[in-house]
Amino acid sequence: MAAAGATTAHRTYSFKVVLLGEGCVGKTSLVLRYCENKFNDKHITTLQASFLTKKLNITGKRVNLAIWDTAGQERFHALGPIYYRDSNGAILVYDITDEDSFQKVKNWVKELRKMLGNEICLCIVGNKIDLEKERHVSVEEAEAYAESVGAKHYHTSAKLNKGIEEMFLDLCKRMMETAQVEERSKGNGTSHASTGRRGVQIIDDEPQAATAAGGCCSSG
Amino acid sequence: MSQRSERRGIHVDQSELLCKKGCGYYGNAAWQGLCSKCWREEYQRARQKQIQEDWELAEKLQREEDAAYASSHGSQPQPSLTPFSKFEEKKTNEKTRKVTTVKKFFSPSSRSTTKKEKERNEERERERERERGEKVQGRRESHGEMLLRDLKGIFTHSWEIGSPTEESHEAKSHSPSFVRQSSVETDQVAREFVDFLKSLKPGREIHKQSRAFVESMGNKKDLGADELSECVQDFYQHMSDRLLTHFKGSSEKVERVMDQVEKYIMTRLYKSVFCPETTDDEKKDLTTQHRIRALHWVTIQMLCVPVDEEIPEAADSVVKAITDVIEMDSKRVPRDKLACITSCSKHIFNAIKVTKKEPASADDFLPTLIYIVLKANPPRLQSNIQYITRFCNPSRLMSGEDGYYFTNLCCAVAFIEKLDAHSLNLSVEDFERHMCGGGDGGGSGDVSPRRRSESSSPWPLELLSALQERQQQVLEEARDLQDELQLWQEGVAREVQNILDKYPLEIKRHAAHTIDSENEENDRLPPPLQPQVFAG
């Protein structure tokens, strides 16, 4: 949708990717590792890790990736739609040692599919595989779930720098495919970019359980 | 010495130098022969009269226009969506606007330049003071550290602290200086736009199209906000497509041109499309403003904001962020408004970085932004957000960094609107109690600490008592200062009196002397010439 709108002549794709996931699953570490190749580093130059960009070149085509971090606290859950509207991809992160965070991912998937349909490419990411010993979410369960909702599943570790590069690259390729399909189906596909922009409302469709408010980040 | 030079100077009759009103002070030619005091009075009176006349004239014009409108559109009903009260409000705004423009035409040209300049400066000064006052208020609410530093501010603006700020916002947004500046601003933007386009090959075409578009928009004033937005967005789309395909511009270059196009057309359209009458933006503004004011008790701890305002640099960044988000309202171009939000966000990131020593994630950023919005209570927040959504270049809004921060601001506002006990980790009773007690801003200062201690929320009581002590101290010191000033004044008066007592006669003697009495050579001079009449 919005991606194809930018430039059809030069084949530069601009993609917006949102990062969703509970507070302490390591969203920030993941993007910092990807964009700066640093982990828990004192020398991180960027002032913030909430909006990062990356330029890629995939099979001769330029891709501009804008990665939008979202606030993961439960109380900001209802704001999700404002963040993920018009995004081409979503990365849903959970912590393999935390069963709850996987449940959150399931909620997100349900919501995203409901609001955005199949236009959005979903990645479900089990982070912190360096803590394999403490795993609480089984590999089979996670992968089966991902397949059932048309998402891809990845295992990553920001600490060991495992699986991150591959995950982003894969996501980009899929987003390019989606954009190309859309382009073809719409002829030129440019003029409709602005129509989906408006009228997104926040809907509290499901009354959330008030119990999970604390999490591991409540002290922060 | 002094006497001799006096004699040599040009002799002007004493009476001509005095104020024409005869108050005994010296007058000045620049003030039409009046003294400063009389001139000010005279000028004020003339100005009052002028304003009065202009009002009457404007009202007459308005009545005529209304009558004409009623006769031509008699059958057409008013849009039922807009409540009557709001319509009234709009109308008064409209009226004031008209008054100022009418005034502009009727003021005598000889005055118009210098005096207008002066007026404008005064207006600006007043605005700045008002803002300063607000800022002082904000800081005082946020933490008492600044209290001592702002001693001066508190003394000069104490009356403002107690008073509601909404009126001042209203006044500010429709102040005459604002309207008057606009024409200068649009001219300047138009000139800059032309200058910018000179370097481009398709510049002439771009200019022609943009101008034609602005003119065509002038005829579409009756359209709803969404239709207007659609028109502008279509124009952006059309223009950038054309630049890309017909003129083979690179995407960066096209973006640069589009920025200028946006600046040009939105500066010109701003007045007619910002917070248009067809929407209820204004009502939403007021609702949000009241909501934020009612939430004045929300603390940094309740929101889990990772900023420690005890650190001077962090506190400084917070103040800067507040200033930036308030400043957004003063910009006309959507992109400039976005730039204010971005700058505000950067300051927030800095505050977080100083506190946490690591780059801020969205988990840190959003609560802090919410806190800043609550502290700042930016004027016309909803109108500004709507305006940016409707008229900003979409490519910037959807994927760029500015777009990200803008989205976060939207989130912050949405959060504030829906905020409840659960989102602050409070019990429902506590929340209700805070909201009920939150009505008056003045009295809550000494009530809330007690209430908070009752509800055993983690509010630092020591900090509060320390603050109270400090405030007491400040007040005492202020009183001392006042006493000292009084003493000093009395001392000076006494001294002056002493000196006056010491040398009263001499002054009299000098005054009594005539110039000639000292001059002994006078006798030897020939008698003064007498005018003689010659017959024929």
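The values are calculated or read from the model by the stated rules, or taken from the named source; none is laboratory data. Owing to the predicted nature of the structure, the values given are computational and were not obtained by experimental measurement. For neighbour counting, all protein chains shown are included, and Cβ atoms are generated from backbone atoms with ideal geometry for every residue, glycine included.
The condition of being over 25 Å from A:Tyr83 (Cβ atoms) and among the aliphatic types (A, V, I, L, M) holds for A:Ala144.
Set side by side, the residues B:Glu262, B:Glu277 differ, and just one is in a helix (DSSP H, G or I) and not aliphatic (A, V, I, L, M), which is B:Glu262.
Residue pairs whose Cβ atoms lie under 6 Å apart, sitting 6 or more positions apart in sequence or on different chains, and linking a residue in region B:389-418 that is more than 7 Å from chain A (Cβ to nearest Cβ) to a partner that is of a type in the set (Val, Ile, Thr), are B:Phe391/B:Val232; B:Asp402/B:Thr342; B:Tyr405/B:Ile341; B:Tyr405/B:Thr342; B:Phe406/B:Ile341; B:Leu409/B:Ile341; B:Ala412/B:Ile370; B:Ala412/B:Val373.
Filtering region A:28-47 down to residues that are surrounded by 22 or more Cβ atoms within 10 Å (Cβ to Cβ) and either free of Cβ contacts under 8 Å to residues at least 60 places away in the same chain or part of a strand (DSSP E or B) (or both), which residue is farthest from the other protein chains (Cβ to nearest Cβ)?
The qualifying residue farthest from the other protein chains (Cβ to nearest Cβ) is A:Val31.
Here the condition is being polar (S, T, N, Q) and modelled with pLDDT under 90; of B:Ser361, B:Ser343, it holds for B:Ser361 alone. Annotation: A:Asp86 fulfils all but one of (1) in a helix (DSSP H, G or I); (2) within 9 Å of chain B (Cβ to nearest Cβ); the unmet one is (1).
Among the residues of region B:244-260, those identified as farther than 22 Å from B:Ser272 by Cα and away from every other protein chain (no Cβ under 11 Å) are B:His246, B:Phe247, B:Lys253, B:Arg256, B:Val257. Name the residues in region B:419-435 that are surrounded by fewer than 23 Cβ atoms within 10 Å (Cβ to Cβ) and in contact (Cβ under 8 Å) with a residue 60 or more places away in the chain, would you? Residues satisfying the conditions are B:Leu419, B:Leu424, B:Asn425, B:Leu426, B:Met435. Among residues of region A:128-176 being in contact with a Leu (Cβ under 8 Å, 6 or more places away or on another chain) and closer than 16 Å to A:Val17 by Cβ, the one that is surrounded by the fewest Cβ atoms within 10 Å (Cβ to Cβ) is A:Leu169. None of B:Arg390, B:Arg433, B:Arg450, B:Arg380 is modelled with pLDDT under 85 and not aromatic (Phe, Trp, Tyr) except B:Arg450. Only residues that are more than 13 Å from B:Arg268 (Cβ to Cβ) and at pLDDT 85 or above: list them for region B:200-218, please. Selection gives B:Ile206, B:Lys208, B:Gln209.
When you check B:Val354 against the structure, is it surrounded by fewer than 22 Cβ atoms within 10 Å (Cβ to Cβ), within 14 Å of chain A (Cβ to nearest Cβ) and closer than 15 Å to B:Val305 by Cβ, yes or no?
Spelling it out, B:Val354 is indeed surrounded by fewer than 22 Cβ atoms within 10 Å (Cβ to Cβ), within 14 Å of chain A (Cβ to nearest Cβ) and closer than 15 Å to B:Val305 by Cβ.
The set of residues from region B:358-388 being at the interface with chain A (Cβ under 10 Å from one of its Cβ atoms) and surrounded by fewer than 22 Cβ atoms within 10 Å (Cβ to Cβ) comprises just one member, B:Glu358.
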